[in-house]
1. List every residue pair whose Cβ atoms lie under 8 Å apart, where the two residues are 6 or more positions apart in sequence or sit on different chains, the first residue falls within the stretch 114-130 and is small (Gly, Ala, Ser), and the second residue, located anywhere, is away from the ligand (no atom under 15 Å from the Cβ).
2. Select from the stretch 123-138 the residues that are in contact with a Phe, Trp or Tyr (Cβ under 7 Å, 6 or more places away or on another chain), among the hydrophobic types (A, V, I, L, M, F, W, C) and under 19 Å from Lys181 (Cβ atoms) and list them in ascending order.
3. Within the stretch 217-224, is even one residue hydroxyl-bearing (Ser, Thr, Tyr), buried (at least 20 other Cβ atoms within 10 Å of the Cβ) and under 30 Å from Gly81 (Cβ atoms)?
4. Sort out which residues of the stretch 338-357 are in contact with an Asp or Glu (Cβ under 8 Å, 6 or more places away or on another chain) and part of a loop (DSSP other than H, G, I, E, B), and write them in order of number.
5. Enumerate the pairs (first residue in the stretch 174-187 and acidic (Asp, Glu); second residue anywhere and in a loop (DSSP other than H, G, I, E, B) and within 15 Å of the ligand (Cβ to nearest atom)) with beta-carbon separation below 6 Å, excluding pairs fewer than 6 apart on the same chain, so at least 6 apart or on different chains.
6. Identify the single condition in (1) more than 28 Å from Tyr249 (Cβ to Cβ); (2) in contact (Cβ under 8 Å) with a residue 12 or more places away in the chain; (3) over 18 Å from the mean Cα position of the chain (by Cα); (4) not in a loop (DSSP other than H, G, I, E, B) that His164 does not satisfy, given that it satisfies every other one.
7. What tally of residues in the stretch 236-272 results from selecting those that are among the charged types (D, E, K, R), surrounded by 14 or more Cβ atoms within 10 Å (Cβ to Cβ) and not in a strand (DSSP E or B)?
Amino acid sequence: MQRNFSKTHVLLAAAFFVSLGLLYSYFRDSFSPISFCQPCIQPDNDFNELEKEMEQIKGIKHSEHCKKDSWKIGELLMQSGLKYAQPSTQTGRTDINAVTNWNAPLVWEGTFDPVVIDAIYKKMDPRVAVVVFAVGKYTRFLKAFIETGEKFFLVGFNVTYYIHTDRENEVPKVALGKGRKITTVPVPSANRWQDVVLGRMKWATLTIEKTIRNEADYLFMMDIDSVFYSRFGAESLSRLSAVLHRGYYKNTPREKFPYERRPESKAYIPAEEGDYYYTAAVWGGYLGDMYKLVKYCYEMSEEDTKNKIEAVWQEESHLNKYLLYNKPTKVLSPEYLWSDYDKVPADIKVVRISQLVKNYAEVRPNGGN
Ligand SMILES: *[C@@H]1O[C@H](CO)[C@@H](O)[C@H](O)[C@H]1NC(C)=O
């Protein structure tokens, strides 16, 4: 009797808490200042923890630092009266595939109308953060990167360049467009270029937590030794956008991708798996999703270090592992990162940004390739 009694109580209590939970999740969605802030708080528990911490430290409520309550990320609104060519269901490029097998867009010149896509994203008026690292002699690349970025990168959008450097006095003064700025983030020097690369994930994680989280909706990670040659616009924006590595985008069987192949590494991908090989020189997405991914690369490389292994292409290996099991929502063609070294083939109609020919021995602290 006694036992049955307590069983009933336990059941009642359980039912009570379950309905409380249901009520809470129902009302939380209807009360939160709709989805604009979603990228900041969305899928990651760590990020929610961080939110709470920041609330305690700074007294800032999430809803306060998110300025545009009405902004609903992912909603594709367009004004009336816009003039542009009618889209066709029959004609388009036939020399490339414009969709992945998980139905995400594969973005090439000729698969979007810049007028339409800019109009849609201008309505959201997102704040875009660009995280770059210019450590040691790499500061020499800053001027051309920013100057050409001002000409071609998300022109008309609000962009902040977060320049991580150990030589603050070498950050050039460049004339910036309206709504665009430079924030310099001091970082210590490193002795090996591999440490610079892996340190990037750590510093980017910290900068997002400290600064960017209050200042941006989208975030791009980019290599500084590049210049923009042509439009790099709103067609690149999505929850998670990754760029096909120019060296492996055509006719490379997946087992030949330079993924990490040693099972001892966290970046391990078996020979019979893989979609594409993505570059780590340009990647972007919603702030919350990028935070999660950057932190993942940081933590996985820390794990590897503990186990006395370094992934073959450092963060790029971890990035590729993540993107295999967390598919990107847009895949950008190699137009979104070509190289001055390489001949431009016929299917690359536009080189939007390109890595510079550089003398590695001269700019890297320990030489190398
Ligand atoms: C973008 O920049 C302009 C000009 O500085 C400013 O008026 C506007 O509020 C900014 N938009 C956002 C979303 O911060």
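Rule-based calculations on the coordinates, nothing more; no lab input. None of these values were measured; they are calculated from a predicted model. Neighbour counts are summed over all protein chains in view; Cβ atoms, including those assigned to glycine, are modelled from backbone coordinates with ideal geometry.
1. If the second residue must be away from the ligand (no atom under 15 Å from the Cβ), the pairs left are Ala119/Met78; Ala119/Gln79; Ala119/Leu82; Ala129/Tyr162; Ala129/Phe220.
2. Listed by number, the residues that qualify are Val128, Ala129, Val130, Val131, Val132, Ala134.
3. If we filter the stretch 217-224 for residues that are hydroxyl-bearing (Ser, Thr, Tyr), which is where we start, we get 218.
From what's left, buried (at least 20 other Cβ atoms within 10 Å of the Cβ): 218.
Next, from what is left, pick out any that are under 30 Å from Gly81 (Cβ atoms): 218.
Yes, the stretch 217-224 contains at least one residue that is hydroxyl-bearing (Ser, Thr, Tyr), buried (at least 20 other Cβ atoms within 10 Å of the Cβ) and under 30 Å from Gly81 (Cβ atoms).
4. Ala346, Asp347, Ile348, Lys349, Val350, Val351, Arg352, Leu356, Val357
5. none
6. For His164, the failing item is (3).
7. Here the count works out to 5.
Residues are listed down the side, and each one gets a yes or a no for (1) within 21 Å of Asp217 (Cα to Cα); (2) of a type in the set (Ser, Thr, Tyr); (3) assigned to a loop (DSSP other than H, G, I, E, B):
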position	(1), (2), (3)
Ala85	no, no, yes
Glu109	no, no, yes
Val115	no, no, no
Ala119	yes, no, no
Lys123	yes, no, no
Val131	yes, no, no
Glu150	yes, no, no
Gly156	yes, no, yes
Val159	yes, no, no
